[in-house]
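A.B. asks: Submitted below is the structure of interest, expressed as structure tokens.
The values are calculated or read from the model by the stated rules, or taken from the named source; none is laboratory data. As the structure is a prediction and not an experimental result, all values here were calculated from the model. Heads up, the Cβs are rebuilt from the backbone with ideal geometry, glycines too, and the neighbour counts pull from every protein chain shown.
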Amino acid sequence: MDAHAALRSDRGAALTPRDVEVLRFAVRHGMVSPEQIGARFFTTTAAAARRLRALQLAGLLRRDRVLSGFPVIVRTTAAGARRAGCDLPPASLDLARVRHSLALVDLSEELLAANPGSTWSAERELRRDRMRAALAGDKGERRRRVPDGTLHLAGGHRVAVELDLTPKRSARLDTLAGAYAVDREVDTVWWYLPSEIAASRMRALVAERGLEHLIEPRVRRVDRVPSGGVSGPTRSGRS
């Protein structure tokens, strides 16, 4: 019996360890592309396509064609989310966040590769954990800023990551920076901004608040329409 048949015959069929990791990757990030899954878990595009098709036929993944020029979006189904074992529900298809979601997956993968031994907490996981803490009686959790993700470096350093694809108003940036200033669970903030102008404005705001030790503005330009499912920056790094 081939892999496709094995998965189709029984929705509770055993999955390979890689299958489970694919499901975990998809549900943790919410929305990902086939190309991003392929780059992370497979050696060839054809192998990735075959396995994603098998997981879709098994009722564990779903694929959505969205905006013109954008890649197919991969999400877990409810069954796939359960098999992932992350205690996260399947993500809804949020067209307004597709571009940001794909760009954030690319950024998280780059940061993990550049920082050996690090781990990544996705925004969906952070919100889940904050909600649990708030329900348990920690009122401060409701007021804390939830970043786009957190990079846990090998030495224990906690880096909150913010990815802005469009400029925010100064007042909004000031509010967010102030939230990080009192967050004892964040050691550093890497704030990726879409242009040199936006980064310069953020640097001025950070200096005015005396937060140069905490917040590092960085420039990262992202293609307006992701090409082939991977939203490539024209520049990434500290400005």
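A.B. asks: Which fully enclosed strands (runs of 3 or more DSSP E) of region 46-129 have 1 or more residues being of a type in the set (Asp, Glu) and outside the structural domain of Ala154 (by TED's automatic domain parsing)?
C.D. replies: On the way: elements: 61-64, 73-76, 119-122.
Result: 61-64.
A.B. asks: Between Asp106, Asp94, Asp138, which is over 22 Å from Pro71 (Cα atoms) and of a type in the set (Asp, Glu)? So that I can check it myself, show each step before the final result.
C.D. replies: Working: Asp106 fails: over 22 Å from Pro71 (Cα atoms); Asp94 fails: over 22 Å from Pro71 (Cα atoms).
After applying the criteria, what remains is Asp138.
A.B. asks: Would you say Glu185 is closer than 22 Å to Leu107 by Cβ, modelled with pLDDT of 90 or more and either buried (at least 18 other Cβ atoms within 10 Å of the Cβ) or assigned by TED's automatic domain parsing to the domain that holds His157 (or both)?
C.D. replies: So Glu185 passes the test.
A.B. asks: Taking interchain pairs and intrachain pairs at least six residues apart, which have beta carbon atoms under 9 angstrom, with the first residue in region 91-108 and over 25 Å from Ala79 (Cα atoms) and the second among the aromatic types (Phe, Trp, Tyr) and surrounded by fewer than 22 Cβ atoms within 10 Å (Cβ to Cβ)?
C.D. replies: Sorted first by the residue in region 91-108, then by its partner, the pairs are Arg99/Phe70; Ser108/Trp120.
A.B. asks: Can you name the condition, by its number, that Thr175 falls short on among (1) at pLDDT below 90; (2) over 21 Å from the mean Cα position of the chain (by Cα)?
C.D. replies: All conditions are met except number (1).
A.B. asks: Right, here's the next one. Which one is modelled with the highest pLDDT among residues in region 193-239 that are in contact with an Asp or Glu (Cβ under 8 Å, 6 or more places away or on another chain) and of a type in the set (Gly, Ala, Ser)?
C.D. replies: Ala198
A.B. asks: Just for region 169-196: of the residues that are of a type outside the set (S, T, N, Q) and free of Cβ contacts under 8 Å to residues at least 12 places away in the same chain, which one is nearest to Trp120 (Cα to Cα)?
C.D. replies: Our first condition is that a residue be of a type outside the set (S, T, N, Q); within region 169-196, this holds for 169, 171-174, 176-187, 189-194, 196.
Still in the running and free of Cβ contacts under 8 Å to residues at least 12 places away in the same chain: 169, 171-172, 182, 184.
Values: Arg169: 28, Ala171: 29, Arg172: 26, Val182: 22, Arg184: 18 Å.
Filtering region 169-196 for residues that are of a type outside the set (S, T, N, Q) and free of Cβ contacts under 8 Å to residues at least 12 places away in the same chain, the one nearest to Trp120 (Cα to Cα) comes out as Arg184.
A.B. asks: When you scan region 153-203, how many residues do you find that are under 15 Å from Val222 (Cβ atoms) and of a type in the set (A, V, I, L, M)?
C.D. replies: Residues in region 153-203 being under 15 Å from Val222 (Cβ atoms) and of a type in the set (A, V, I, L, M): 6 in total.
A.B. asks: Checking Thr150 against (1) among the polar types (S, T, N, Q); (2) in contact with a Lys or Arg (Cβ under 9 Å, 6 or more places away or on another chain); (3) more than 16 Å from Glu216 (Cβ to Cβ), which test does it fail?
C.D. replies: The failed condition is (3).
A.B. asks: While we're here: Which of the residues that make up region 36-53 are buried (at least 20 other Cβ atoms within 10 Å of the Cβ) and touching a residue at least 40 places away in the same chain (Cβ under 8 Å)?
C.D. replies: Answer for region 36-53, where residues must be buried (at least 20 other Cβ atoms within 10 Å of the Cβ) and touching a residue at least 40 places away in the same chain (Cβ under 8 Å): Gln36, Arg51.
A.B. asks: Now, a different point. Taking into account only those residues within region 161-175 that are in a helix (DSSP H, G or I) and among the hydrophobic types (A, V, I, L, M, F, W, C), which is nearest to Leu151 (Cα to Cα)? Spell out the reasoning first.
C.D. replies: Restricting attention to region 161-175, the residues satisfying the condition of being in a helix (DSSP H, G or I) are 170-175.
Still in the list and also among the hydrophobic types (A, V, I, L, M, F, W, C): 171, 173.
Working: Ala171: 26, Leu173: 21 Å.
By that ranking, first place goes to Leu173.
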